[in-house]
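Asker: Questions regarding the structure given below will be posed in turn.
Just so you know, all these numbers are worked out from the coordinates, no wet-lab data involved. Keep in mind it's a predicted model, so treat the numbers as computed, not measured. When we count neighbours, we look across all protein chains shown, and the Cβ atoms used for this are built from the backbone with ideal geometry, even at glycine.
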There are 2 protein chains.
Amino acid sequence: MDDAGLIEIAREVPAKSLKAPSTVSPQLRRSISGLAAAAAAGGGLPKGWTPGNAEEWKAIIAQMDAQALSVAPALAAMFPHTSQVRQIAGVTVRDIAPASQDPAKSDRLLVHFHGGGYALNGGEASTGEAVLGAHYSGMRVISVDYRMPPDHPFPAAVDDALSVWRALAQERPASAMGVFGTSAGGGLTLALALKLKDIGEAFPGALATGTPWTDLTGASDSYQVNAEVDGVFSNFDGFAAGMAAIYAGEAGVTHPLVSPIFGDFAGFPPTIFTTGTRDILLSDTVRAYRAMRAAGVTAQLEVHEAMSHAEYIYAFDSPESAVAFGDIARFFDEHLSD
Amino acid sequence: MDDAGLIEIAREVPAKSLKAPSTVSPQLRRSISGLAAAAAAGGGLPKGWTPGNAEEWKAIIAQMDAQALSVAPALAAMFPHTSQVRQIAGVTVRDIAPASQDPAKSDRLLVHFHGGGYALNGGEASTGEAVLGAHYSGMRVISVDYRMPPDHPFPAAVDDALSVWRALAQERPASAMGVFGTSAGGGLTLALALKLKDIGEAFPGALATGTPWTDLTGASDSYQVNAEVDGVFSNFDGFAAGMAAIYAGEAGVTHPLVSPIFGDFAGFPPTIFTTGTRDILLSDTVRAYRAMRAAGVTAQLEVHEAMSHAEYIYAFDSPESAVAFGDIARFFDEHLSD
């Protein structure tokens with residue numbers, strides 16, 4: 001059956017006023033209400049707007065990174081750790097050791113790619129999720145500060161990811177390392193694995209992709225359904241589509257290392273996916289999960305009530321965040337091997 | 001932390017026009033467009049309306065059951081089977097043998113509870129999902145035509161479920177039987193297991209709950225987010241809330257055998273959950289899955305792109321439906337033991 005004769009009828013959904021539900025923790029309710037308040041105050045980017053040139057990109061990136069950094073002290077106070085800036089294979093990384101480090105896991109290592117649409121959250125702003133991953137897993141984390149647009153479009157991020165990975169894989173078995181990341185970092189996690197498969201090098205022992213940006217064409221259904229519902233990432237059109245375009249550059253958004261949904265996941269290592277019911281990337285997540293299952297990969301899908309995109313990072317004081325990172329830590333415990 | 005000082009701010013979501021996405025099969029796209037067309041034609045129940053007395057309930061139930069039955073010939077043609085009406089322990093059941101029956105699984109049996117808000121889809125209208133489950137599993141299915149309101153409110157459905165279960169469990173090990181159902185049938189699947197736990201009787205080998213109605217209070221976030229998005233079950237307020245009230249009766253909607261989310265799932269058998277990103281019971285499903293995981297139960301969550309409530313039953317010609325039932329069949333294969 002094809003689309004011949006299919007008459008497209010759209011579903012008309014009326015305007016809504018969404019309350020923070022009673023079905024989540026007070027901490028998550030507070031986060032949901034806070035995001036709604038920010039939206040109501042009109043503090044975000046103008047709807048549909050995207051920077052017009054490199055200077056505008058750099059200005060807005062600097063502004064948004066400063067905003068992301070503002071929560072770092074509270075996060076550091078709650079999740080004690082040391083963080084050391086290093087270079088590995090010419091790439092800047094942050095080497096994070098949690099106070100909770102488990103000596104029994106000293107042969108293991110996690111590699112982290114930050115989110116931010118392949119444009120935001122570079123530098124010090126990159127490590128919030130890495131600290132949480134280190135804390136909950138009890139493992140050391142190497143968080144990769146990969147190069148980004150506007151100066152460095154694709155494939156710079158994938159090249160940097162691969163360079164760091166290869167250097168680390170010379171010092172320990174690939175199977176003793178896990179790779180994780182959220183949003184663009186989840187997409188880059190999948191892109192690195194696709195690249196390793198292409199060049200015939202060993203996979204990590206397991207992957208954890210949080211609400212991964214797997215389809216930069218914007219085709220996923222949740223871009224419609226959860227537009228303006230998601231409190232963190234409200235719309236694809238405009239700024240996010242702009243980030244997709246400047247990241248993809250000449251390769252285009254359908255390149256499988258840009259949009260991993262167009263890649264072949266057969267043979268992939270075990271992978272855990274994390275998302276939420278309000279997540280604008282719910283469909284990007286679910287589609288990649290389904291593609292892995294169809295390819296026979298061991299995959300696990302975790303969905304959290306009323307959570308927006310990556311909110312398990314931002315609502316780091318919530319029990320739901322602890323559950324999300326606890327599931328990821330347990331998944332690495334089960335699937336990494338020294 | 002409690003809610004002290006929490007200022008509730010609602011998220012304002014503008015009206016939307018949702019297209020059938022390009023990310024699903026032509027068959028599912030056709031189903032999504034068909035549901036949107038039905039909504040556009042205003043063919044559903046008046047918004048917010050619920051019957052006022054038993055006579056009105058019976059009239060609308062008869063009308064909706066006739067509508068549900070209209071697809072039975074097409075489904076039967078595609079999934080050949082025999083169906084025999086029997087009585088087990090005084091309860092009407094349909095004993096369904098698929099043409100695909102696998103002799104290697106003849107010691108196993110599936111028990112099915114139909115959906116329909118504990119009010120609809122009785123009699124011949126009850127067996128669509130049972131036929132699909134039988135076909136994809138290659139197993140015989142006993143589909144229970146449990147008593148329903150307005151004449152028979154809770155606990156009649158649970159009593160009937162238990163009576164049939166006990167009779168079947170006298171003839172074979174409980175572990176050789178799986179129980180499955182969608183919507184109210186998914187809720188009843190969980191309620192039966194809670195009841196078996198209460199009375200100290202053996203669990204089924206595994207459970208499959210499709211988009212289960214686990215919280216009849218209507219608190220789940222997806223009742224807001226996916227209201228008028230879901231093409232099958234558009235709103236809780238009105239008719240669905242009415243079904244919840246006439247089913248619960250004097251026990252009330254917070255009774256754990258009415259709303260299993262208020263029960264304790266510790267010790268439950270392995271359970272697979274199926275839902276979709278447009279499902280109005282996405283949150284009812286996710287919350288029950290999370291509660292099982294928190295209780296240490298082996299649980300698996302399957303979410304399908306752009307699917308509305310129970311659409312894997314209605315879009316039975318779609319490859320997505322085959323995947324959903326294939327996952328359920330495989331789950332029973334893995335977890336039942338003769």
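Asker: What gaps in nm, shortest first, separate A:GLU124 from its twins in the other copies when you place the label 7 Å past Cα toward the beta carbon?
Answerer: So the label point of A:GLU124 gives 7.3 nm to the other copies.
Asker: Could you grab the relative contact order for region A:85-153? Cα pairs under 8 Å, six or more apart, rounded to a whole percent.
Answerer: On the way: 118 pairs, mean separation 30.5, N = 69.
Contact order relative to length: 44 percent.
Asker: Gain in length, A:HIS152 to A:ALA99, computed as 0.36 nm per residue apart minus the alpha-carbon separation, to one decimal in nm? The partial results should precede the final answer.
Answerer: Numbers: separation 53, 0.36 × 53 = 19.08 nm, distance 3.45 nm.
Once the chain is fully extended between A:HIS152 and A:ALA99, it gains 15.6 nm.
Asker: Express the relative contact order of chain A as a whole percentage, based on alpha carbon pairs under 8 Å and six or more residues apart in sequence.
Answerer: The value is 18 percent.
Asker: May I pose another question? Quick one: plug the Kirkwood hydrodynamic radius of chain A (C-alpha pairs) into Stokes-Einstein at 4 °C, 1.567 mPa s, and report D in µm²/s.
Answerer: Calculated translational D: 65 µm²/s.
Asker: What per residue convex hull volume, in Å³, comes out for region B:215-286 when only alpha-carbon positions are used?
Answerer: Details: hull volume 6.7 nm³, N = 72.
Looking at region B:215-286, the number lands at 93 Å³ per residue.
Asker: How many angstrom separate the Cα center of region A:315-338 from the Cα center of region A:79-98?
Answerer: Using only Cα atoms to place each centre, the spacing works out to 20 Å.
Asker: Taking only the C-alpha atoms, wrap a convex hull around region A:83-213 and report its volume per residue in Å³ as a whole number.
Answerer: 94 Å³
Asker: Project the alpha carbons of region A:1-79 onto their principal axes and report the range along each, largest first, in whole Å.
Answerer: Rounded to whole Å, the extents work out to 59, 44, 29 Å.
Asker: Taking each pair of distinct Cα atoms in region B:60-134 once, what is the resulting Kirkwood hydrodynamic radius in Å?
Answerer: 13.3 Å
Asker: In chain B, what % of DSSP beta bridges are antiparallel (nearest 5)?
Answerer: Working: 12 of 36 bridges.
Restricted to chain B, the bridges split so that about 35 percent are antiparallel.
Asker: Put the label 7 Å from Cα along Cα→Cβ for B:PRO173; what are its distances to the other copies, in nanometres, shortest first?
Answerer: Values, ascending and in nm: 3.5.
Asker: Across chain A, where is the longest run that never hits GluC sites (Glu not before Pro) in a DSSP loop with at most 15 other C-beta atoms within 10 Å? Could you put the intermediate results ahead of the total?
Answerer: Values: sites that count: A:GLU8, A:GLU171, A:GLU201.
By the stated rule (loop sites, at most 15 other Cβ atoms within 10 Å), A:9-170.
Asker: How many angstrom lie between the C-alpha centres of region A:125-179 and region A:240-295?
Answerer: Between the Cα centres of region A:125-179 and region A:240-295 lies a distance of 18 Å.
Asker: Which value in Å is the Kirkwood Rh of region A:281-338 over different Cα pairs?
Answerer: Radius from the Kirkwood sum: 12.8 Å.
Asker: What FRET efficiency would be calculated for the residue pair A:ARG86, A:ALA38, taking the C-beta separation as r and a Förster radius of 30 Å, to the nearest 0.05?
Answerer: Efficiency computed from Cβ-Cβ geometry: 0.30.
Asker: Could you put B:THR182, A:THR23, A:THR271 in order, starting from the residue whose Cβ has the fewest other Cβ atoms within 10 Å?
Answerer: In order of increasing Cβ crowding within 10 Å: A:THR23, A:THR271, B:THR182.
Asker: A follow-up question, please. Where both partners of a DSSP beta bridge lie in region B:60-102, what percent of those bridges are antiparallel, to the nearest 5?
Answerer: Looking only at bridges with both residues in region B:60-102, the antiparallel portion is about 100 percent.
Asker: What list do you get for B:PHE239, A:PHE203 if you sort them by fewest beta carbons within 10 Å?
Answerer: Going from sparsest to densest Cβ surroundings: A:PHE203, B:PHE239.
Asker: Right, another one. Scaled to the compact-protein estimate 2.2 N^0.38 Å, what is the alpha-carbon radius of gyration of region B:219-338, rounded to two decimal places?
Answerer: 1.13
Asker: Given 0.36 nm per residue, what is the gain on full extension from A:ASP198 to A:SER106 after removing their alpha carbon distance, in nm?
Answerer: My answer for the length gained is 30.1 nm.
Asker: Please count, across chain B, the pairs of lysine residues with Cα atoms under 29 Å apart that sit 8 or more places apart or on different chains.
Answerer: Working: B:LYS16/B:LYS47; B:LYS19/B:LYS47; B:LYS47/B:LYS58; B:LYS58/B:LYS195; B:LYS105/B:LYS195; B:LYS105/B:LYS197.
The number of close lysine pairs in chain B is 6.
Asker: How high is the relative contact order of region B:48-105, in percent, with contacts defined as C-alpha pairs under 8 Å that are six or more residues apart?
Answerer: 21 percent
Asker: Please list log₁₀ I(q)/I(0) at q = 0.26 Å⁻¹ for region B:115-185, using the Debye equation with identical point scatterers on the alpha-carbon positions.
Answerer: Here log10 of I(q) over I(0) equals -1.30.
Asker: Which whole DSSP H helices in chain A pass both tests: a Cα extent of 15 Å or more along the axis and a mean Kyte-Doolittle value no lower than 0.0? Please report the intermediate quantities before stating the final value.
Answerer: Details: long enough: A:26-40 (20 Å, 0.33); A:54-69 (22 Å, 0.09); A:156-169 (19 Å, 0.84); A:184-199 (22 Å, 0.98); A:282-294 (18 Å, -0.35); A:319-335 (24 Å, -0.12).
For chain A, where a helix must reach 15 Å along its axis and average at least 0.0, the hits are A:26-40, A:54-69, A:156-169, A:184-199.
Asker: How do B:HIS112, B:HIS81 line up, fewest other C-beta atoms within 10 Å first?
Answerer: B:HIS81, B:HIS112
Asker: Where is the GNM fluctuation largest for chain A (alpha-carbon springs, 10 angstrom cutoff): A:LEU281, A:LEU110, A:LEU162?
Answerer: Largest GNM mean-square fluctuation: A:LEU162.
Asker: What does the charge add up to near A:HIS114, with Lys and Arg as +1, Asp and Glu as -1, over the other residues with Cβ less than 13 Å from its Cβ?
Answerer: -3
Asker: Sticking with this structure for a sec: With r defined as the distance between the Cβ atoms of A:ALA66 and A:GLU12 and R0 fixed at 30 Å, what FRET efficiency is calculated, to the nearest 0.05?
Answerer: 0.15
Asker: Shielding of A:303-315 by partners, i.e. mean partner chain Cβ atoms within 10 Å per residue? Mind showing how you got there, number by number?
Answerer: On the way: counts 12, 4, 11, 8, 2, 1, 0, 0, 0, 0, 0, 0, 0.
Neighbouring Cβ atoms belonging to other protein chains average 3 per residue here.
Asker: Where the label is 7 Å out from Cα toward Cβ, how close does B:GLY200 come to the same position in every other copy, in nm, shortest first?
Answerer: 6.4
Asker: Report the normalised scattering of the protein assembly as shown as log10 I(q)/I(0) at q = 0.06, 0.07, 0.10 Å⁻¹, calculated by the Debye formula with identical scatterers on the alpha carbons.
Answerer: Summing over Cα pairs of the protein assembly as shown leads to -0.33, -0.45, -0.92.
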